[in-house]
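*Asks:* Have a look at the structure that comes next, please.
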């Protein structure tokens, strides 16, 4: 069973900034999982005149090679590498982009609180614009940060050093929520004091169990955890 997040009132009062991942935290990861694992192989097979089976195997190899790097999150890189217009296809399917349950309620509540609220995402700026247009949540944030502007993904300590400088708030006074364990661990190692992991980033999949990090299901669970 995952460990639930417990923030006492003193902890919450010490938080100056709330850092929120986008895909799998604010948004349902089912869109990205479907897009990259099902739609892109189908589009690639159609455009290149290869079998769907070949497309799946080829893309699986490509994904594995670049996972965790900035290229992994870069639509320009994948468009050039695969020879298909990734953003055009994302726009075609963008009506399937959805908020996770509790996201808007959480954002409405924290937008009225004293803490700063920042989005920190590995998403490419073009993908970010597309998803913000669909979900209309940009106004809830004090600032939006894509790892591409720092030239390092959240998996890198350099991302966190540059983010800390940009927000001008010590990471030790930040709460960070993400759905990826390795990124949360890197954030902790870089100085982020409070973390929470989303245990069900893809709403079409069951919640993860036996997580080693403090976890929540919905962002609104953070309010319930304050003791």
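*Asks:* Using helices alone, I'd like the mean residue ellipticity at 222 nm for the chain: each DSSP H run of four-plus residues gives -39500 (n - 2.57), total over residue count, nearest 500.
*Replies:* On the way: 12 runs with 99 residues, N = 227.
Helix-only estimate at 222 nm: -12000 deg cm²/dmol.
*Asks:* What number do you get for the stretch 1-72 when its Cα radius of gyration is normalised by 2.2 N^0.38 Å, N = residues?
*Replies:* 1.71
*Asks:* Something else now. If you bin every alpha carbon distance in the stretch 31-95 into 5 Å steps from zero, what whole percent lands in each bin?
*Replies:* Going from the shortest bin to the longest, the percentages are 4, 18, 30, 30, 15, 3.
*Asks:* Angle, helix 52-66 long axis vs. longest principal axis of the chain, Cα atoms, 0 to 90°, nearest 10?
*Replies:* 40 degrees
*Asks:* Before anything else, pin down the relative contact order of the stretch 1-112: Cα pairs under 8 Å, at least 6 apart, normalised by residue count, whole percent. If you can, show how the numbers build up before the last one.
*Replies:* Values: 51 pairs, mean separation 34.1, N = 112.
That works out to 30 percent.
*Asks:* Now, a different point. Using the alpha carbon gyration tensor of the chain, what are the three equivalent-ellipsoid semi-axes (square root of 5 times each eigenvalue), largest first, in whole Å?
*Replies:* Values: eigenvalues 196, 64, 56 Å².
Taking √(5λ) for each eigenvalue gives 31, 18, 17 Å, largest first.
*Asks:* Any chance you could give the angle, 0 to 90 degrees and rounded to 10, that helix 157-167 forms with the longest Cα principal axis of the chain?
*Replies:* Compared with the principal axis, the helix lies near 60 degrees.
*Asks:* Taking a quarter of the surface of the Cα convex hull of the stretch 1-122, what do you get in nm²?
*Replies:* Details: hull surface 40.4 nm².
Result: a mean projected hull area of 10.1 nm².
*Asks:* Okay, next question. In whole Å, what are the extents of the stretch 148-197 along the principal axes defined by its C-alpha atoms, from largest to smallest?
*Replies:* That gives 24, 20, 14 Å along the principal axes, largest extent first.
*Asks:* On alpha-carbon atoms, Rg over Rh for the stretch 113-196 using Kirkwood Rh? All intermediate terms of the calculation are to be shown ahead of the outcome.
*Replies:* Numbers: Rg = 12.5 Å, Rh = 13.2 Å.
The Rg/Rh ratio comes out at 0.94.
*Asks:* With contacts defined as alpha carbon pairs under 8 Å and 6 or more residues apart, what's the relative contact order of the stretch 31-95 in percent?
*Replies:* Details: 31 pairs, mean separation 16.1, N = 65.
About 25 percent, as a whole number.
*Asks:* Stretch residue 79-residue 189 to full length: gain in nm at 0.36 nm per residue minus the Cα-Cα span?
*Replies:* Details: separation 110, 0.36 × 110 = 39.60 nm, distance 3.33 nm.
Stretched out fully, the residue 79 to residue 189 stretch lengthens by 36.3 nm.
*Asks:* Separate question: Could you work out the relative contact order of the chain, using alpha carbon pairs under 8 angstrom and six or more residues apart, expressed as a whole percent? Walk me through the numbers before you get to the answer.
*Replies:* Working: 360 pairs, mean separation 76.5, N = 227.
Relative contact order, the chain: 34 percent.
*Asks:* Which percentage, to the nearest 5, of the DSSP beta bridges contained in the chain is antiparallel?
*Replies:* Values: 1 of 23 bridges.
Taking every DSSP beta bridge within the chain, about 5 percent pair in antiparallel fashion.
*Asks:* May I pose another question? Quick one: order 77, 150 by neighbouring beta-carbon count within 10 Å, fewest to most. Can you show the working numbers first?
*Replies:* Numbers: 77 16, 150 20.
The most exposed by this proxy come first: 77, 150.
*Asks:* How would you rank 61, 121, 135, going from fewest to most other Cβ atoms within 10 Å of each one's own Cβ?
*Replies:* On the way: 61 9, 121 25, 135 17.
Ordered by Cβ neighbours within 10 Å, fewest first: 61, 135, 121.
*Asks:* Report, to the nearest 10°, how far helix 125-135 tilts away from the longest principal axis of the Cα atoms in the chain, using its own Cα long axis and a range of 0 to 90°.
*Replies:* 70 degrees
Taken together, the values in this text are just the output of simple stated rules run on the coordinates, not laboratory data. Given the structure is predicted, the values throughout are model-derived calculations rather than measurements. When we count neighbours, we look across all protein chains shown, and the Cβ atoms used for this are built from the backbone with ideal geometry, even at glycine.
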